[in-house]
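Working notes for the structure below.
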Amino acid sequence: MIKVAPSILSADYINLQQSIETVDQAGAEVLHIDVMDGMFVPAISYGPNWVSAIRPITNMELDCHLMIENPERYVETFAKAGADLIGVHVEATPHIHRALQLIKAAGIKAEVVLNPGTPVSMIEPVLYLVDQVLVMTVNPGFGGQKFLPEMVTKIAELDRLRAENDAYHYQIEIDGGINDQTVQPAYDAGADVAVAGSYVFNASKPAAKIAALKSATNH
Ligand code: DX5
Ligand code: ZN
């Protein structure tokens, strides 16, 4: 069964606490927080103040997906705000190794993120260092886009690499266009955690959508 990480990008910002409590009570293990700087991706979303505001109201793991240029500048700030995991894009910095080391030095989980156009070979030198790899299944920047099915082979490749190499201990996360249909091939290829934004929060009953993702992967 897959772990579910609702993305608050599609939540009701005015009633954020209620949205978060709903998915928490529905059994979501992780809360996904999409940070966008208007440079790495076109949109601007929210920053570390949101993480520190959310931290006291839930025990879910706070997964901060940094879609920002040179994310190493903000690792410490997000760690102090209460992140349990920080994800940094390999495309966003010439110093991916340093960025990941900084996250580990802050005592939290480190994740490397791959855009759809970036091959797994780009991150092989840092795979031994990470707790999670995020395979983007849409181009980052917006909620509500369509799942790219060709990303399933990338998930399978990462699953094969960790099976073959004792030094690797990462989980595989997927993000973008996830629903009860698209989650199935991704889970079968090796995904452990599914981010879901619009599928969960645009529904009248978010809890039912979390249950649907779990039952679609209950094998
Ligand atoms: C996209 C973000 C996603 C987004 C997913 O740039 O990284 O986390 O919230 O939204 P859906 O699930 O609607 O594709
Ligand atoms: Zn995300």
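Each value in this text was obtained by applying a stated rule to the coordinates, not by laboratory testing. Not measured: the values here are computed from a predicted model. Cβ coordinates were reconstructed from backbone atoms using ideal geometry, including for glycine residues, and neighbour counts include every protein chain displayed.
Before anything else, pin down the relative contact order of the chain: Cα pairs under 8 Å, at least 6 apart, normalised by residue count, whole percent. Please list the in-between numbers first.
Working: 463 pairs, mean separation 48.7, N = 219.
Contact order relative to length: 22 percent.
When a footprinting reagent is the concern and you count Cβ atoms within 10 Å, what order do LEU158, LEU134, LEU102 take, fewest first? Please list the in-between numbers first.
Values: LEU158 23, LEU134 27, LEU102 20.
Placing the least packed residue first, the sequence is LEU102, LEU158, LEU134.
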| message | I need TYR13, TYR199, TYR170 ordered by Cβ neighbour count within 10 Å, fewest first. | response | TYR13, TYR170, TYR199
| message | Let me spell out the model: positive unit charges on the Cβ of Lys and Arg, negative unit charges on the Cβ of Asp and Glu, origin at the Cα centre of the stretch 54-121. What dipole size does that give, in debye rounded to 20? | response | 180
| task | Pairs of Cα atoms under 8 Å, at least six residues apart: use those to get the relative contact order of the stretch 61-101, whole percent. | result | 49
| task | Kindly provide the helix-only [θ] at 222 nm of the chain, computed as the sum of -39,500 (n - 2.57) over DSSP H runs of four or more divided by all residues, to the nearest 500 deg cm²/dmol? | result | -8500 deg cm²/dmol
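Per the Kirkwood definition applied to all pairs of different Cα atoms, how many angstroms is the hydrodynamic radius of the chain? Don't jump to the answer; show the numbers that get you there.
Details: mean 1/r = 0.0587 Å⁻¹.
Computed over Cα pairs of the chain, the Kirkwood hydrodynamic radius comes out at 17.0 Å.
Place a +1 charge on the Cβ of each Lys and Arg in the chain and a -1 charge on the Cβ of each Asp and Glu, then give the dipole magnitude about the Cα centre in debye, rounded to the nearest 20. All intermediate terms of the calculation are to be shown ahead of the outcome.
Values: 14 positive and 26 negative charges, 53 e Å.
In debye, rounded to 20, the chain gives about 260.
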| request: Would you be so kind as to identify which of MET151, VAL112, VAL4 lies farthest towards the positive end of the dipole of the chain, taking Lys and Arg as +1 and Asp and Glu as -1 on Cβ and the Cα centre as origin? | output: VAL4
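Does the stretch 147-219 come out rounded, prolate or oblate by the C-alpha gyration tensor, with a ≥ b ≥ c the root eigenvalues, rounded set by a/c under 1.5 and, if not, prolate when a/b is larger than b/c and oblate if not? Kindly include the intermediate steps, with their values, before the conclusion.
Details: a/c = 2.48, a/b = 2.12, b/c = 1.17.
Judged from the Cα gyration tensor, the stretch 147-219 comes out prolate (a/c at least 1.5, a/b above b/c).
Kindly put LYS205, LYS154, LYS104 in sequence by how many other C-beta atoms sit within 10 Å of each C-beta, fewest to most. Walk me through the intermediate numbers first.
Values: LYS205 11, LYS154 23, LYS104 15.
Lowest to highest Cβ neighbour count: LYS205, LYS104, LYS154.
Among the listed pairs LYS80/LYS209; LYS3/LYS154; LYS146/LYS205; LYS146/LYS214; LYS146/LYS209, which are separated by more than 25 Å between their Cα atoms?
Numbers: LYS80/LYS209 32 Å; LYS3/LYS154 19 Å; LYS146/LYS205 21 Å; LYS146/LYS214 20 Å; LYS146/LYS209 17 Å.
Too far apart for the 25 Å limit: LYS80/LYS209.
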